[in-house]
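Everything below concerns the one structure shown next.
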Amino acid sequence: MAQQEIRRSKELNVKTTFYEPDKLSTFLASKKTLLARGAISQVGLEAKKLGATRALVVTDAGLTKAGLAAEVERILGEAGLEVGMFDGILPEPPSGVIDQCAGVFRQGNYDLCLGLGGGSSLDSAKIVSVLANNPGSVVDYVGLDLVPNKGAPLILVPTTAGTGSEATRVMVFTDDSDNTKKVVLSDFLLPDLAVLDPELTLSVPPAVTADTGMDALVHAIETYVSVNTTPYAEILSLQAIAMIAKHLPQAYAKGSNLLARYNMLLAANLSGSAFASGGLGAVHGLAYILGTEYHMSHGRSNAIMLPHVMSYNLTGNLEKYANIAEAMGEETMGLSPYEAAALSVDAVYSLMDAVNLSAKLGDYGISSEDLPKLVAGGMAQARLFVPNPRDLTEADVEQIYASAF
Ligand SMILES: [Fe+2]
């Protein structure tokens, strides 16, 4: 059994536990990351370092319209690269669109894939780079480590602060044949370079800022309390929680606040790296059905379920939830462990209030008559309960959804 010691000194803002030396920990991140206002100006030089001559930019029509795709095209062009553009990526990217994009890449003899956008564009670019050197369709690689060959060089440029896709070896898509979400997991999905440029996130509207920022918070909280967490994941996730609590309301209130955007982009990246290394939990499990049945964004679905799952989970790890409360600015000195842990839920409700998000299912037009459907949807994701700090039965799942009405 691992010995545990929680350091509670006010001066230490990262609380470490004593780890189990025999437990194997893995740390995953992009090979290289650039972070600064204007960092995108380096992307041509970096592409050349990767040996690229022909780059395909993978993005969505919104970013073409906003002029961001043209700006990246210009920077790559000035470095002497030939540039192609695929701006047909859709939300929850359909397999047909991804395969179409992979076809453009293969037939165009491109030697660099650059993903620009939110999670859907980055996830698509990841698998398109892999499909450059592996035959067939995205649907052929669903599952864990089924990709045989490393893909083409890959650069990822997030324009939202949320998914942390640029730091993970996961991609999610919609299989057109049965209209379900499927996942590819492979080390080859990690990029050669991630470019974090907060200027590219300045025009994200408040509601999307809130949804994506809450997704990053859920990644950090779920990873921090996961039974599969690692030293790397714990350190990164607790820091990210503190940064999101402080900077998400600022980025929501004033989109042009560059420092808030900078911190949110960094926090989302740290949360992505943390969950890539330490795993997710029941929030993502119970939120899934809200996306598929009620077409809510991934971030919104997670935000709604977060405080309810946290309330349920508290007893599974009081110390860690107390640490989360402190990281989010709550005063826990002199409180009992249970009181201190419970403050983490209060802190999440305060943050959601600040960014105008309700955690009540009824506020999104979902009727309590749908409870059985929700429970069935939640139970279908039971694999995500394994790393959760408290076990869940079907009755527990029902109780959590009921508490969300
Ligand atoms: Fe997520």
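The values are calculated or read from the model by the stated rules, or taken from the named source; none is laboratory data. This is a predicted model, so every value here is computed, not measured. Please note: Cβ atoms are built from the backbone with ideal geometry, for glycine as well, and neighbour counts cover all protein chains shown. The protein model used for the area step is the full one, side chains on, heavy atoms only, and it has no ligands, DNA or RNA in it. Shrake-Rupley method; radii C 1.70, N 1.55, O 1.52, S 1.80 Å.
Report the residue count in the range 133-150 for those that are assigned to a strand (DSSP E or B) and either within 16 Å of the ligand (Cβ to nearest atom) or open to solvent by 40 Å² or more (accessible area, probe 1.4 Å) (or both). Let's see the steps before the verdict.
Kept after step one, since they are assigned to a strand (DSSP E or B), are these residues of the range 133-150: 143-144.
Add one more test, that the residue is either within 16 Å of the ligand (Cβ to nearest atom) or open to solvent by 40 Å² or more (accessible area, probe 1.4 Å) (or both), and what stays is 144.
Matching residues across the range 133-150 total 1.
Exactly one residue out of Ala194, Ala210 is of a type outside the set (D, E, K, R) and not assigned by TED's automatic domain parsing to the domain that holds Glu92: that is Ala210. Within the range 177-191, the set of residues being part of a loop (DSSP other than H, G, I, E, B), open to solvent by 50 Å² or more (accessible area, probe 1.4 Å) and in contact (Cβ under 8 Å) with a residue 12 or more places away in the chain comprises Ser177 only. Annotation: of all residues in the range 353-377 being in a helix (DSSP H, G or I) and farther than 22 Å from Val397 by Cα, the one that is most open to solvent (accessible area, probe 1.4 Å) is Asp353. Among the residues that make up the range 192-203, is at least one of them among the small types (Gly, Ala, Ser), within 16 Å of the chain's Cα centre (by Cα) and not in a loop (DSSP other than H, G, I, E, B)? Yes, some residue in the range 192-203 is among the small types (Gly, Ala, Ser), within 16 Å of the chain's Cα centre (by Cα) and not in a loop (DSSP other than H, G, I, E, B). The listed residues are Arg390, Arg383, and the only one of them that is open to solvent by 50 Å² or more (accessible area, probe 1.4 Å), assigned to a loop (DSSP other than H, G, I, E, B) and not hydroxyl-bearing (Ser, Thr, Tyr) turns out to be Arg390.
The C-beta contact set for the range 151-176 (first residue away from the ligand (no atom under 16 Å from the Cβ), second residue aliphatic (A, V, I, L, M) and open to solvent by 10 Å² or more (accessible area, probe 1.4 Å), distance under 6 angstrom, 6+ apart or interchain) comprises Gly151/Ala132; Ala152/Ala132; Pro153/Leu50; Thr159/Leu200; Asp175/Val139. Only one entry in Leu280, Leu236, Leu270, Leu258 is within 16 Å of the chain's Cα centre (by Cα) and more than 15 Å from the ligand (Cβ to nearest atom), namely Leu236.
Just one of the listed residues (Gly291, Gly299) is buried (at least 24 other Cβ atoms within 10 Å of the Cβ), in a helix (DSSP H, G or I), within 13 Å of the ligand (Cβ to nearest atom) and assigned by TED's automatic domain parsing to the domain that holds Arg390, and it is Gly299.
Pick out the one residue from Lys320, Lys246, Lys254 that is of a type outside the set (Val, Ile, Thr) and in contact with a Lys or Arg (Cβ under 9 Å, 6 or more places away or on another chain).
Values: Lys246 fails: in contact with a Lys or Arg (Cβ under 9 Å, 6 or more places away or on another chain); Lys254 fails: in contact with a Lys or Arg (Cβ under 9 Å, 6 or more places away or on another chain).
Criteria check complete, one pass: Lys320.
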